[in-house]
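K.L.:
The structure under discussion is supplied below as structure tokens; questions concerning it will follow.
The values are calculated or read from the model by the stated rules, or taken from the named source; none is laboratory data. Every value quoted in this text rests on a predicted model; they were computed, and no experiment measured them. Don't worry about glycine lacking a Cβ; one is built from the backbone with ideal geometry, like all the others, and counts go over all protein chains shown.
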Amino acid sequence: MGNTAPIFAASMECVEGRVPQITVICAVKAEEDCHSFQEQLDFGDSLPEHFRIIHMPDFALVVEALNSDAVYDVILLDLLLEAPDGVDPLAELRKLAPNLPIIVFSEVNDMDLAIDALGRGADDFLPRDYIDYPQLVARSVFTVIERRKQDLDKRILQDQLIQAEKLDSLGRIAAGVAHEVKNPLATVQMAMAYISTLVPDVEDPQFGEACELATTAINRASEIISGMVDFSRNDCVAIKNGSLNDVLTKSVDLLRYEINKSKTTVNLNLDPSLPASEFDIGKMEQILINLIRNSIQAMQNCDKVIHLSTFVVSPQKQAASPWLRELAATTGSSTLIALEVRDEGPGIGDQKPAALFEPFFTTKQIGEGSGLGLSVVMQIVSRHNGLIRLKNMENPSGLRTRIYFGVPPVPTTLSPPETQKLMKT
Amino acid sequence: MNKKSILIIDDEASFARMTKIFLEGKGDYNVSYETESMKAVETTRSTNPDLILLDLVMPELDGGDVLARFNEDPALKSIPVLFITSMVSQDDTSEDSLVQSGDNIMIPKTSPPEFVHQCIQDKLAGVI
């Protein structure tokens with residue numbers, strides 16, 4: 001997977017309430033060319049979107065703009081735009097903004113160059129002599145933006161499929177290995193327990209320590225195996241009707257001891273209007289326990305706060321995010337709900353979020369965790385058709401984990417509270 | 001105090017033998033084991049143990065089958081049985097550290113051995 005999986009995209013947050021506007025970087029040298037584009041794109045109120053054209057006659061300005069936090073929708077790039085020696089403007093911009101549509105703008109007699117540009121990552125080209133042709137520029141801008149959007153949607157779907165496949169095969173291997181390894185492991189554990197009772201009788205001063213080390217090691221191996229069994233068992237979820245708020249409260253209760261011991265404060269902010277939903281209560285608790293534990297360990301017993309909250313996703317926010325739209329479509333739910341765990345630890349730095357979900361990835365000291373926690377979380381989330389997003393926060397710094405779920409259209413409160421087994425096929 | 005006798009029924013010979021060594025090391029038990037589930041009933045009759053540690057996953061007869069045969073036999077029916085299995089992980093048992101299957105308690109094989117010992121003591125005392 002060459003691209004960062006958008007499902008995990010940590011930085012691409014949508015801006016709430018953004019006015020529909022298409023912001024165009026007009027990277028052409030001549031002021032009058034920019035004016036031509038402006039005129040071509042000035043449709044008055046006849047389009048729901050309106051265009052904002054920013055003239056950047058210098059390559060360095062474009063680079064600066066793309067490195068900033070500002071959001072642009074498309075670049076019109078003059079192939080004659082001067083760039084520092086040895087720099088290919090198109091290649092450089094492609095590298096800086098891999099997903100931004102680029103329309104190149106060329107002399108008409110440079111058709112070969114224009115076609116070559118398409119092969120090197122441009123989305124479309126406009127010959128200079130034709131930019132006055134009615135609606136040609138607008139047609140090109142809309143087409144490339146729409147095509148990019150479809151590509152992104154397709155890639156989200158592909159990434160989800162790949163992820164699901166990876167988890168499935170790992171689950172199958174884990175189940176087999178775990179079962180086979182447990183017997184010998186249990187035997188060694190038993191042996192160490194017996195040998196340890198002999199410590200007082202053995203003169204060698206190192207014997208006791210050797211026993212302890214071996215026991216610790218074997219217990220750790222056993223913990224990992226248990227984690228793998230849990231992982232493989234997530235194939236099967238028992239869906240019931242319940243409230244995420246209750247799950248949060250219960251998980252905090254279950255972890256009360258660890259929370260107190262680490263001097264962590266838990267700030268619960270539960271949305272009382274959160275609708276009931278359908279999920280596997282035990283597995284959902286497992287998610288919360290893993291996330292809260294990670295946060296406690298990340299904050300290293302420093303008197304800090306974990307903020308836990310639930311909320312209903314606003315329709316505006318849902319409409320503005322391709323991931324949330326996708327989630328609503330795949331789950332067939334018009335209402336999305338979310339749970340959030342935000343800590344005040346160091347965050348995940350520049351780490352690609354996708355890597356964190358790989359089994360056995362861990363930043364923890366040996367003995368602190370198996371490295372299976374987040375992959376179990378990821379797996380449970382995907383079994384519930386949910387969506388997980390990580391984001392580094394500032395002021396105060398920390399990691400924010402949000403998990404989104406669709407609410408089933410009709411709550412099944414009428415059926416008896418019998419567990420419904422959903423076997424994965 | 002008389003030593004209690006324990007019978008382990010488990011197809012994993014090394015695990016069964018190691019558990020025997022561990023438990024006998026405690027000084028309170030005489031332990032024997034049977035690795036062929038087909039012979040489980042016969043061996044139980046001849047050893048007449050105070051408690052049985054029964055593996056759940058075995059070839060031929062599994063733990064459940066063996067227990068069903070015990071239940072058919074008035075003489076064997078009343079012997080306390082603890083299931084011990086590699087199917088159950090510690091996480092499943094986190095609620096109260098034990099998983100119940102009917103009246104029978106299942107102990108994960110990879111539990112700390114002292115925990116296994118505790119379960120045996122409790123079962124013999126009729127506490128669980």
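K.L.:
Mind checking which residues of the range A:183-195 are touching a helix residue (DSSP H, G or I) at 6+ places or on another chain (Cβ under 6 Å), closer than 16 Å to B:GLU12 by Cβ and either more than 7 Å from every other protein chain (Cβ to nearest Cβ) or not polar (S, T, N, Q) (or both)?
P.N.:
A:LEU185, A:ALA186, A:VAL188, A:MET190, A:ALA191 - these are the residues of the range A:183-195 that are touching a helix residue (DSSP H, G or I) at 6+ places or on another chain (Cβ under 6 Å), closer than 16 Å to B:GLU12 by Cβ and either more than 7 Å from every other protein chain (Cβ to nearest Cβ) or not polar (S, T, N, Q) (or both).
K.L.:
Could you give me the residue pairs with C-beta distances under 6 Å whose first residue belongs to the range A:240-258 and is under 13 Å from A:ASN269 (Cβ atoms), whose second residue is of a type in the set (S, T, N, Q) wherever it lies, and which are 6+ apart or on separate chains?
P.N.:
A:LEU244/A:THR310; A:ASN245/A:THR310
K.L.:
For A:MET228, are the conditions met, namely being facing chain B (nearest Cβ under 9 Å) and in a helix (DSSP H, G or I)?
P.N.:
Answer is yes for this residue.
Residues checked against (1) in contact (Cβ under 8 Å) with a residue 40 or more places away in the chain; (2) under 19 Å from B:SER14 (Cβ atoms):
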residue	(1), (2)
B:THR35	no, yes
B:ASP55	yes, yes
B:GLY64	no, no
B:PHE70	no, no
B:PRO74	no, no
B:LEU82	yes, no
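K.L.:
I've got another one for you. I'd like to verify a number: residues in the range B:87-112 that are within 14 Å of chain A (Cβ to nearest Cβ), at pLDDT 75 or above and in contact with a Leu (Cβ under 9 Å, 6 or more places away or on another chain), how many?
P.N.:
Residues that pass the stated criteria total 4.
K.L.:
Going through A:VAL305, A:VAL312 one at a time, which residue ends up being at pLDDT 85 or above, surrounded by fewer than 17 Cβ atoms within 10 Å (Cβ to Cβ) and under 20 Å from the mean Cα position of the chain (by Cα)?
P.N.:
A:VAL312 is the lone residue from the list that is at pLDDT 85 or above, surrounded by fewer than 17 Cβ atoms within 10 Å (Cβ to Cβ) and under 20 Å from the mean Cα position of the chain (by Cα).
K.L.:
Let me ask you something else. Can you tell me which residues in the range A:89-104 are under 9 Å from A:GLY121 (Cβ atoms), of a type outside the set (D, E, K, R) and either surrounded by 14 or more Cβ atoms within 10 Å (Cβ to Cβ) or free of Cβ contacts under 8 Å to residues at least 40 places away in the same chain (or both)?
P.N.:
A:LEU90, A:ALA91, A:LEU93, A:ILE102
K.L.:
May I pose another question? Which is under 30 Å from A:PRO101 (Cβ atoms) and surrounded by 12 or more Cβ atoms within 10 Å (Cβ to Cβ), of A:SER140, A:SER196?
P.N.:
On the way: A:SER196 fails: under 30 Å from A:PRO101 (Cβ atoms).
After ruling out the rest, the residue left standing is A:SER140.
K.L.:
Determine whether A:GLY86 is surrounded by fewer than 17 Cβ atoms within 10 Å (Cβ to Cβ) and at pLDDT 85 or above.
P.N.:
The answer is no for A:GLY86.
K.L.:
Going residue by residue through the range B:25-45, is there one that turns out to be more than 13 Å from the chain's Cα centre (by Cα), within 14 Å of chain A (Cβ to nearest Cβ) and not in a loop (DSSP other than H, G, I, E, B)?
P.N.:
Yes; the residues of the range B:25-45 include at least one that is more than 13 Å from the chain's Cα centre (by Cα), within 14 Å of chain A (Cβ to nearest Cβ) and not in a loop (DSSP other than H, G, I, E, B).
K.L.:
Across the range B:1-24, which residue is farthest from B:ALA125 (Cα to Cα) among those that are more than 13 Å from chain A (Cβ to nearest Cβ) and not in a loop (DSSP other than H, G, I, E, B)?
P.N.:
So in the range B:1-24, the residues more than 13 Å from chain A (Cβ to nearest Cβ) come out as B:1-7, B:9.
Subset that is not in a loop (DSSP other than H, G, I, E, B): B:4-7, B:9.
Working: B:LYS4: 11, B:SER5: 14, B:ILE6: 14, B:LEU7: 17, B:ILE9: 21 Å.
So, considering only residues that are more than 13 Å from chain A (Cβ to nearest Cβ) and not in a loop (DSSP other than H, G, I, E, B), the one farthest from B:ALA125 (Cα to Cα) is B:ILE9.
K.L.:
Report whether or not A:VAL199 is touching a Cys at 6+ places or on another chain (Cβ under 7 Å) and within 14 Å of another protein chain (Cβ to nearest Cβ). Give the derivation first.
P.N.:
Numbers: touching a Cys at 6+ places or on another chain (Cβ under 7 Å): yes; within 14 Å of another protein chain (Cβ to nearest Cβ): yes.
Taking the combined requirement at face value, the residue satisfies it.
K.L.:
Give the residues of the range B:2-26 that are acidic (Asp, Glu) and either in contact (Cβ under 8 Å) with a residue 24 or more places away in the chain or under 16 Å from A:VAL188 (Cβ atoms) (or both), sorted by residue number.
P.N.:
Passing the criteria: B:ASP10, B:ASP11, B:GLU12.
K.L.:
Does A:ILE289 fit the bill of being within 14 Å of chain B (Cβ to nearest Cβ), farther than 19 Å from A:GLU344 by Cα and of a type outside the set (Lys, Arg)? Show your work before the answer.
P.N.:
Numbers: within 14 Å of chain B (Cβ to nearest Cβ): yes; farther than 19 Å from A:GLU344 by Cα: no; of a type outside the set (Lys, Arg): yes.
The answer is no for A:ILE289.
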